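Structure, as structure tokens:
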Amino acid sequence: MAITAAPVPFTAERFAGWTARWREPAGCNLLISAVDNYLARQEVAAAVTAEGGTWYALDLGNEHHSGQILMGNATTPKIVRFDKLGLASGIPSPYLQEPDLLAPPPAGATPLSCAELTVREEQSLVV
């Protein structure tokens with residue numbers, strides 16, 4: 001299994017450059033994100049969209065007592081196809097399931113990072 005980590009800001013353009021070298025067209029490709037802002041999620045969504053359903057996005061997030069785990073590859077319902085057994089070629093991407101993940105915070109809200117929320121005890125590391 002090829003696993004890669006890069007300590008640089010994520011962009012859809014950078015992702016396309018990375019994956020061009022080691023893409024598994026017949027296999028399963030998974031992009032895991034645990035980001036704390038809508039701009040980063042927009043980049044992840046753009047990267048998954050550009051790959052046309054060949055990459056699954058796993059989006060993780062948490063609050064103090066709860067969290068969300070969303071996974072999918074289809075950025076439009078039209079991508080999903082069913083075979084003779086009724087098995088689907090994909091599932092809706094996290095950003096199709098929860099479009100608010102890509103929306104800016106309400107006007108006047110000051111978004112905080114995960115680290116800042118943890119210090120304020122508004123987010124738990126355990127979740």
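The values are calculated or read from the model by the stated rules, or taken from the named source; none is laboratory data. Since the structure is predicted, the reported quantities are computational estimates derived from the model, not experimental observations. Cβ sites come from the backbone with ideal geometry, for glycine too, and all protein chains shown count toward neighbours. Only protein heavy atoms, including side chains, enter the accessible area calculation; ligands, DNA and RNA are left aside. Shrake-Rupley method; radii C 1.70, N 1.55, O 1.52, S 1.80 Å.
Going by accessible surface with a 1.4 Å probe and the largest first, 28, 114 read 28, 114. Taking 59, 36 and ordering them by how much accessible surface each has at a 1.4 Å probe, largest first, produces 36, 59. The alpha-carbon atoms of the chain, seen along their principal axes, cover 51, 32, 29 angstrom, with the largest extent given first. Put a dot 7 Å past the Cα of residue 112, heading toward its Cβ, do the same for residue 32, and the two dots end up 2.7 nm apart.
Report the relative contact order of region 23-76, percent, no decimals, based on alpha-carbon pairs under 8 angstrom and at least 6 residues apart.
35
What does the charge add up to near residue 11, with Lys and Arg as +1, Asp and Glu as -1, over the other residues with Cβ less than 15 Å from its Cβ?
Its environment carries a net charge of -1.
Among 39, 87, 58, the largest mean-square fluctuation in a Gaussian network model of the chain, built with springs joining Cα atoms closer than 10 Å, belongs to 87.
Counting charges near residue 116 (Lys, Arg +1; Asp, Glu -1) among other residues having Cβ under 14 Å from its Cβ returns a value of -3. Split the chain at each of the GluC sites (Glu not before Pro) in a DSSP loop with at most 12 other beta carbon atoms within 10 Å, and the longest piece is 1-62. Per-residue ellipticity at 222 nm from helix content only, as computed over the chain with -39500 (n - 2.57) for each DSSP H run of at least four residues, stands at -7500 deg cm²/dmol. Are there any trypsin sites (Lys or Arg not before Pro) in region 8-83 that are in a DSSP loop and have at most 12 other Cβ atoms within 10 Å? List them by number. Listed in order of number, the matching sites are 81.
DSSP assigns beta bridges within the chain; of those with both partners inside it, close to 55 percent run antiparallel. Scanning residues 5 or more positions from residue 62 or on other chains, those with amide H under 5 Å from its amide H are 68, with H placed 1.01 Å from N in the peptide plane. When only Cα pairs below 8 angstrom with a gap of at least 6 residues are kept, the chain shows a relative contact order of 22 percent.
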